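A short write-up of the structure that comes next.
The values are calculated or read from the model by the stated rules, or taken from the named source; none is laboratory data. Everything numeric here is computed off the predicted structure, so don't read it as measured data. Positions of Cβ are generated from backbone atoms using ideal geometry, with glycine treated the same way; all protein chains shown enter the neighbour counts. Heads up: the accessible areas ignore ligands, DNA and RNA and are worked out on the full protein's heavy atoms, side chains in. Shrake-Rupley method; radii C 1.70, N 1.55, O 1.52, S 1.80 Å.
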Amino acid sequence: MSRPWGGGLGRRAVIYAGLAATVLRFAAGGGASSSAQTESATAGLLGSGAGRVVVVLAAGVVISIGVGFVVIGAGRRFLQQLERSGHRTVGLALRVTGVLGYIAKGIALVAVGALLGWAGIAAEPQKATGLDGALQALSGVPEGRIVLLLIGIGLIVFGVYCFLRSRYQDM
(Lines give C-alpha, C1' and ligand atoms only; values in the text may rest on other atoms or scores of the structure.)
Protein backbone atom coordinates (compact mmCIF):
# COMPACT_ATOMS: atom_id res chain seq x y z
CA MET A 1 0.00 0.00 0.00
CA SER A 2 1.50 3.34 -0.98
CA ARG A 3 1.13 6.41 1.14
CA PRO A 4 0.34 9.81 -0.34
CA TRP A 5 3.33 12.15 -0.29
CA GLY A 6 5.69 9.16 -0.43
CA GLY A 7 5.99 8.69 3.31
CA GLY A 8 8.89 10.76 4.65
CA LEU A 9 9.60 12.51 1.36
CA GLY A 10 6.54 14.72 1.63
CA ARG A 11 7.65 15.81 5.07
CA ARG A 12 11.13 16.49 3.71
CA ALA A 13 9.64 18.65 0.98
CA VAL A 14 7.88 20.76 3.64
CA ILE A 15 11.09 21.02 5.69
CA TYR A 16 13.12 22.13 2.68
CA ALA A 17 10.44 24.64 1.78
CA GLY A 18 10.81 26.08 5.28
CA LEU A 19 14.61 26.19 4.95
CA ALA A 20 14.25 27.91 1.60
CA ALA A 21 11.91 30.49 3.11
CA THR A 22 14.54 31.19 5.79
CA VAL A 23 17.24 31.65 3.15
CA LEU A 24 15.07 33.95 1.08
CA ARG A 25 14.12 35.98 4.18
CA PHE A 26 17.83 36.53 4.94
CA ALA A 27 18.49 37.38 1.30
CA ALA A 28 15.82 40.07 1.56
CA GLY A 29 17.50 41.45 4.69
CA GLY A 30 15.05 40.28 7.36
CA GLY A 31 14.82 37.60 9.98
CA ALA A 32 16.21 36.90 13.42
CA SER A 33 19.08 34.58 14.29
CA SER A 34 18.57 31.38 16.25
CA SER A 35 22.26 30.56 16.38
CA ALA A 36 22.54 31.07 20.15
CA GLN A 37 21.99 27.34 20.74
CA THR A 38 24.78 26.40 18.34
CA GLU A 39 27.05 28.99 19.89
CA SER A 40 26.43 27.74 23.45
CA ALA A 41 26.96 24.09 22.45
CA THR A 42 30.20 25.02 20.71
CA ALA A 43 31.30 27.10 23.69
CA GLY A 44 30.84 24.05 25.91
CA LEU A 45 32.97 21.94 23.59
CA LEU A 46 35.66 24.58 23.25
CA GLY A 47 35.87 24.74 27.04
CA SER A 48 36.92 21.10 27.27
CA GLY A 49 40.40 19.72 26.60
CA ALA A 50 39.73 18.02 23.29
CA GLY A 51 36.77 20.23 22.44
CA ARG A 52 38.50 22.19 19.70
CA VAL A 53 39.44 18.96 17.95
CA VAL A 54 35.86 17.69 18.22
CA VAL A 55 34.49 20.96 16.80
CA VAL A 56 36.94 20.91 13.89
CA LEU A 57 36.17 17.24 13.19
CA ALA A 58 32.43 17.98 13.29
CA ALA A 59 33.03 20.82 10.83
CA GLY A 60 34.89 18.43 8.57
CA VAL A 61 31.99 15.99 8.67
CA VAL A 62 29.46 18.73 7.81
CA ILE A 63 31.66 20.01 4.97
CA SER A 64 32.13 16.46 3.67
CA ILE A 65 28.39 15.87 3.67
CA GLY A 66 27.90 19.16 1.81
CA VAL A 67 30.53 18.23 -0.77
CA GLY A 68 28.85 14.83 -1.07
CA PHE A 69 25.53 16.48 -1.90
CA VAL A 70 27.22 18.62 -4.57
CA VAL A 71 28.87 15.52 -6.08
CA ILE A 72 25.57 13.59 -6.02
CA GLY A 73 23.82 16.47 -7.78
CA ALA A 74 26.49 17.36 -10.31
CA GLY A 75 27.20 13.71 -11.10
CA ARG A 76 23.48 12.87 -11.26
CA ARG A 77 24.11 9.92 -8.93
CA PHE A 78 20.62 10.23 -7.46
CA LEU A 79 19.25 8.96 -10.77
CA GLN A 80 20.73 5.49 -10.15
CA GLN A 81 18.55 5.05 -7.10
CA LEU A 82 15.48 6.25 -8.96
CA GLU A 83 16.15 3.94 -11.90
CA ARG A 84 16.52 0.96 -9.55
CA SER A 85 13.01 1.60 -8.27
CA GLY A 86 11.61 -0.10 -11.36
CA HIS A 87 10.57 2.95 -13.36
CA ARG A 88 12.03 2.97 -16.84
CA THR A 89 12.11 6.72 -17.33
CA VAL A 90 12.81 9.60 -15.03
CA GLY A 91 11.23 12.85 -16.15
CA LEU A 92 13.13 15.99 -17.02
CA ALA A 93 11.61 17.92 -14.11
CA LEU A 94 12.89 15.31 -11.67
CA ARG A 95 16.36 15.39 -13.21
CA VAL A 96 16.64 19.18 -13.17
CA THR A 97 15.24 19.63 -9.66
CA GLY A 98 17.51 16.86 -8.38
CA VAL A 99 20.69 18.35 -9.84
CA LEU A 100 19.98 21.92 -8.75
CA GLY A 101 18.54 20.95 -5.38
CA TYR A 102 21.39 18.65 -4.35
CA ILE A 103 23.98 21.25 -5.34
CA ALA A 104 22.23 24.06 -3.42
CA LYS A 105 21.80 21.91 -0.32
CA GLY A 106 25.48 20.97 -0.49
CA ILE A 107 26.59 24.59 -0.74
CA ALA A 108 24.49 25.53 2.29
CA LEU A 109 26.02 22.68 4.34
CA VAL A 110 29.56 23.64 3.30
CA ALA A 111 28.90 27.20 4.51
CA VAL A 112 27.70 25.93 7.91
CA GLY A 113 30.68 23.57 8.22
CA ALA A 114 33.14 26.31 7.30
CA LEU A 115 31.84 28.60 10.02
CA LEU A 116 31.88 25.76 12.56
CA GLY A 117 35.46 24.94 11.57
CA TRP A 118 36.50 28.56 11.86
CA ALA A 119 35.05 28.67 15.37
CA GLY A 120 37.02 25.55 16.32
CA ILE A 121 40.30 26.78 14.89
CA ALA A 122 39.97 30.27 16.36
CA ALA A 123 38.46 28.92 19.63
CA GLU A 124 35.77 31.58 19.36
CA PRO A 125 32.36 29.98 19.95
CA GLN A 126 30.52 33.11 18.82
CA LYS A 127 31.72 32.29 15.29
CA ALA A 128 29.89 28.96 15.35
CA THR A 129 26.40 29.37 14.03
CA GLY A 130 23.67 27.26 12.60
CA LEU A 131 22.34 27.54 9.07
CA ASP A 132 20.81 30.94 9.79
CA GLY A 133 24.14 32.31 11.07
CA ALA A 134 25.98 30.96 8.04
CA LEU A 135 23.44 32.63 5.80
CA GLN A 136 23.75 35.92 7.68
CA ALA A 137 27.54 35.79 7.36
CA LEU A 138 27.16 35.15 3.65
CA SER A 139 24.89 38.17 3.30
CA GLY A 140 27.74 40.39 4.52
CA VAL A 141 30.15 39.54 1.71
CA PRO A 142 30.09 41.16 -1.74
CA GLU A 143 27.44 39.53 -3.92
CA GLY A 144 26.38 37.48 -0.89
CA ARG A 145 22.71 38.33 -1.28
CA ILE A 146 22.74 37.00 -4.82
CA VAL A 147 24.33 33.77 -3.59
CA LEU A 148 21.69 33.60 -0.81
CA LEU A 149 18.94 34.06 -3.35
CA LEU A 150 20.36 31.25 -5.46
CA ILE A 151 20.71 28.95 -2.43
CA GLY A 152 17.14 29.75 -1.38
CA ILE A 153 15.82 28.96 -4.83
CA GLY A 154 17.94 25.81 -4.85
CA LEU A 155 16.47 24.64 -1.54
CA ILE A 156 12.99 25.25 -2.88
CA VAL A 157 13.94 23.21 -5.93
CA PHE A 158 15.25 20.44 -3.64
CA GLY A 159 11.89 20.42 -1.86
CA VAL A 160 10.15 20.10 -5.23
CA TYR A 161 12.54 17.27 -6.11
CA CYS A 162 11.63 15.45 -2.87
CA PHE A 163 7.95 15.86 -3.70
CA LEU A 164 8.41 14.59 -7.27
CA ARG A 165 10.63 11.75 -6.06
CA SER A 166 7.90 10.47 -3.77
CA ARG A 167 6.36 8.83 -6.83
CA TYR A 168 9.41 6.58 -7.06
CA GLN A 169 9.62 5.71 -3.36
CA ASP A 170 9.18 2.04 -2.54
CA MET A 171 6.83 1.37 0.33
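Data for the structure
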{"quantity": "Residue within segment 136-156 that is of a type in the set (Lys, Arg), within 19 Å of the chain's Cα centre (by Cα) and modelled with pLDDT under 85 present", "calculated": "yes"}
{"quantity": "When residues of segment 126-135 are limited to those that are buried (at least 22 other Cβ atoms within 10 Å of the Cβ) and touching a Ser or Thr at 6+ places or on another chain (Cβ under 6 Å), the one modelled with the lowest pLDDT", "calculated": "Ala128"}
{"quantity": "Scan of segment 140-153 for residues that are touching a residue at least 60 places away in the same chain (Cβ under 8 Å) and open to solvent by less than 10 Å² (accessible area, probe 1.4 Å), ordered by number", "calculated": "Leu148, Ile151, Gly152"}
{"quantity": "Some residue of segment 42-50 being modelled with pLDDT of 70 or more and surrounded by 13 or more Cβ atoms within 10 Å (Cβ to Cβ)", "calculated": "no"}
{"quantity": "Matching residues in segment 76-125 - criterion: being modelled with pLDDT under 75, among the aliphatic types (A, V, I, L, M) and open to solvent by 40 Å² or more (accessible area, probe 1.4 Å)", "calculated": "Ala123"}
